[in-house]
Amino acid sequence: MNEQVIRKFVIVKGIVQGVGFRPFVYNLAQHYDVQGEVNNTQQGVEIDVQGSLRGVTNLINQIKSNPPTLAQIEEIIINQLQSTNYQHFKIKDSTDDNEQLTFVTPDAALCSQCQEELLDGDDRRYRYPFINCTNCGPRFSIIESIPYDRESTTMSDFSMCEDCLSEYQDPTSRRFHAQPNACPDCGPQLLFLCKKPNGLALGSRTQLFT
């Protein structure tokens, strides 16, 4: 007997943008084999999900009980919808709905994994001062408008290199849809101004003190 198929429209409000919520939901959808889409809006995160009763219920329960580390959920609104013809699950482009504004996510201290990469001489982000991932790094300090996407931050001036873009598009990477994702080859640089005409760039290979 075929399992019942249901469709739910979920609005998650609180500190839910810039915390890896969309990739979190995307990976849940892959795990529970459900279809639909997730996107950022000015209200928060909206999820349109369809699949088996078991799969949709499990996805929603995981959102409630085990959200991303940096997320702070204030409210979850769930509505039933008529089934549609979703074939897969995707992260949809953010929408500006001109409604109630969502909370702005604060900056987060460097996570342990980024700390390890920062000090690993073989890592491509070795000593890169702007290292970050979905679980840490700048949020509030770079936001210019919401919904939260790279184009709405000061990182919009920096196009990701091939390696960074590959991480950004990889659901298994902790930099999957990490909006500030960057490296020494494509991201911002820190310059120490001194008497020398060109200053001293503090990149991944330069030492200020020897």
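The sole residue among S145, S159, S166 that is exposed (fewer than 13 other Cβ atoms within 10 Å of the Cβ), in a loop (DSSP other than H, G, I, E, B) and modelled with pLDDT of 95 or more is S159. Scanning region 120-137 for residues that are part of a loop (DSSP other than H, G, I, E, B) and within 11 Å of L110 (Cβ to Cβ), we see that the one that is farthest from the chain's Cα centre (by Cα) is P129. Before we move on, is L101 of a type outside the set (F, W, Y), modelled with pLDDT under 95 and not assigned by TED's automatic domain parsing to the domain that holds P171? Here the answer is yes, as L101 does meet what is asked. So is F103 out of contact with any Phe, Trp or Tyr (no Cβ under 9 Å at 6 or more places or on another chain) and within 30 Å of K13 (Cβ to Cβ) or not? Spelling it out, F103 is indeed out of contact with any Phe, Trp or Tyr (no Cβ under 9 Å at 6 or more places or on another chain) and within 30 Å of K13 (Cβ to Cβ).
Give region 11-60 a look and list any residue that's over 19 Å from Y168 (Cβ atoms) and of a type in the set (K, R), or say none. Hits for region 11-60 are K13, R54. Selection of region 47-64 for residues being within 16 Å of H31 (Cα to Cα) and free of Cβ contacts under 8 Å to residues at least 40 places away in the same chain yields I47, G55, T57, N58, L59, N61, Q62. Evaluate region 194-206: report whether one residue or more is touching a Leu at 6+ places or on another chain (Cβ under 9 Å), over 19 Å from F24 (Cα atoms) and modelled with pLDDT of 90 or more. Scanning region 194-206 turns up no residue that is touching a Leu at 6+ places or on another chain (Cβ under 9 Å), over 19 Å from F24 (Cα atoms) and modelled with pLDDT of 90 or more.
Checked against (1) over 14 Å from the mean Cα position of the chain (by Cα); (2) part of a loop (DSSP other than H, G, I, E, B); (3) of a type in the set (S, T, N, Q), T69 meets all criteria but (1).
Would you confirm, using the coordinates I've provided, whether T210 is out of contact with any helix residue (DSSP H, G or I) (no Cβ under 7 Å at 6 or more places or on another chain), at pLDDT below 90, loosely packed, with under 12 Cβ neighbours inside 10 Å and assigned to a loop (DSSP other than H, G, I, E, B)?
Against the criterion (out of contact with any helix residue (DSSP H, G or I) (no Cβ under 7 Å at 6 or more places or on another chain), at pLDDT below 90, loosely packed, with under 12 Cβ neighbours inside 10 Å and assigned to a loop (DSSP other than H, G, I, E, B)), T210 qualifies.
Among the criteria (1) surrounded by fewer than 17 Cβ atoms within 10 Å (Cβ to Cβ); (2) touching a strand residue (DSSP E or B) at 6+ places or on another chain (Cβ under 6 Å); (3) closer than 19 Å to Y168 by Cβ; (4) modelled with pLDDT of 95 or more, the one K92 does not fulfil is (4).
With respect to T172, determine if the residue is over 14 Å from Y128 (Cα atoms), modelled with pLDDT of 75 or more and in a loop (DSSP other than H, G, I, E, B). For T172, the condition - over 14 Å from Y128 (Cα atoms), modelled with pLDDT of 75 or more and in a loop (DSSP other than H, G, I, E, B) - is met.
Summed over region 1-60, the residues that are over 19 Å from N79 (Cβ atoms), among the aliphatic types (A, V, I, L, M) and surrounded by fewer than 19 Cβ atoms within 10 Å (Cβ to Cβ) give a count of 1. Return the residues of region 14-44 that are assigned to a strand (DSSP E or B) and at pLDDT below 95; say none if nothing qualifies. Residues satisfying the conditions are G14, I15, N39, N40.
The values are calculated or read from the model by the stated rules, or taken from the named source; none is laboratory data. Since the structure is predicted, the reported quantities are computational estimates derived from the model, not experimental observations. So basically every Cβ, Gly included, is an ideal-geometry build from the backbone, and we count neighbours across all protein chains shown.
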